Amino acid sequence: MKRLKNDIKAIFERDPAAKSLLEVILCYPGLHAIIFHRLAHALHRRGLVLVPRVISQIARLLTGVEIHPGAKIGDGVFIDHGMGIVIGETAEVGDNVTMYQGVTLGGTGKEKGKRHPTVGDNVVLGTGARVLGPIVIGDYAKIGAGSVVLNNVPAHTTVVGVPGRVVIYDGERIPSVDLNHEDLPDPVAEMLHCLQNQIDLRFQQEKCIKEGKAK
């Protein structure tokens, strides 16, 4: 019950659309998926195989969120518009993590053992983010929408693009969960902007040279 209270509290803290406790309990499939997973994971830890998988499949049909019973999910995890989310068997998700639609915490092959990501505390995973392999996502990291992450991500950083590129913010700690995942830097756009500035500068130089010769 304590973990359930933390999960419900996370929804009220991070979703302005949440109006009442009854609404959250009845109408939030992300919360339903986590509740189903808590039950399936408890049975999985006791050595059962089939029953936990059946529970996870029922949860998938009802919520659109697929979480393997073996995955470890922390407290205060908020799954917002969770349709299409997939969390693999050996994935580990820390506390106060926020996931948006279409996030995948998956593997990269048929290797045995640890093959899915470990996500730290207070991480934001944007819409459609793909985090693949036995990598580590540090605390307070942000993964931009549509990013594909194949390497470790240090704490307090932001990853954008395909493949994911890390942008470090002076090592400053983020004091709370930052949900502004739409306001992320775009290194490719910045590079193209710099290139355009160089072209414009070169054009102006050539123009001045031609005007000087004409005079």
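Sequence-distant contacts, meaning Cα pairs under 8 Å at least 6 residues apart, place the relative contact order of the chain at 11 percent. Put simply, the Cα atoms of region 26-170 extend 46, 37, 22 Å along their principal axes, the longest span coming first. Sorted fewest first by neighbouring Cβ atoms within 10 angstrom, F36, F203, F78, F12 come out as F203, F12, F36, F78.
Between the helical axis of 50-63 and the longest alpha-carbon principal axis of the chain there is an angle of about 50 degrees.
Site pair R38 and A17 shows an inter-label distance of 2.3 nm when each label is modelled 7 Å from Cα along Cα→Cβ. For the residues R202, R165, R38, a GNM of the chain with alpha-carbon springs under 10 Å puts the largest fluctuation on R202. Helical runs (DSSP H, four residues minimum) scored at -39500 (n - 2.57) apiece and divided by the length of the chain put the mean residue ellipticity at 222 nm at -12000 deg cm²/dmol. Listed cross-link partners K5/K112; K2/K114; K2/K112; K72/K112 are compared with a 25 Å cut-off, the Cα-Cα value being larger for K5/K112; K2/K114; K2/K112. Calculated FRET efficiency, M1 to V162, Cβ-Cβ distance, R0 = 30 Å: about 0.15 to the nearest 0.05. A simple spin-label model places the labels of K112 and N197 5.5 nm from each other, with each point 7 Å out along Cα-to-Cβ.
Roughly how tilted is helix 187-214, in degrees to the nearest 10 and between 0 and 90, from the longest Cα axis of the chain? Tilt relative to the chain: about 10 degrees. Between I135, G113, A145, whose Cα lies farthest towards the positive end of the dipole of region 1-148 when Lys and Arg beta carbons carry +1 and Asp and Glu beta carbons carry -1, centred on the Cα centre? Farthest along the dipole direction, towards plus: G113. The residues neighbouring L150, those whose beta-carbon lies less than 12 Å from its own, together hold a net charge of +2 under the Lys/Arg +1, Asp/Glu -1 convention. About its Cα centre, the dipole of region 2-184 is roughly 840 debye, where the only charges are +1 on Lys and Arg Cβ and -1 on Asp and Glu Cβ. Of the residues I67, V54, H32, the one whose Cα sits farthest toward the positive end of the charge dipole of region 3-78, with +1 on the Cβ of Lys and Arg and -1 on the Cβ of Asp and Glu, is V54. Which one of K112, K72, K19 has the biggest mean-square fluctuation once the chain is modelled by GNM with Cα springs under 10 Å? Among K112, K72, K19, the largest GNM mean-square fluctuation belongs to K112.
Read the figures in this text as sums done on the coordinates, not as results from a lab. Remember, predicted model here, so these are calculated numbers, not experimental data. A quick note on method: Cβ atoms are made from the backbone with ideal geometry, for glycine too, and the neighbour counts reach across all protein chains shown.
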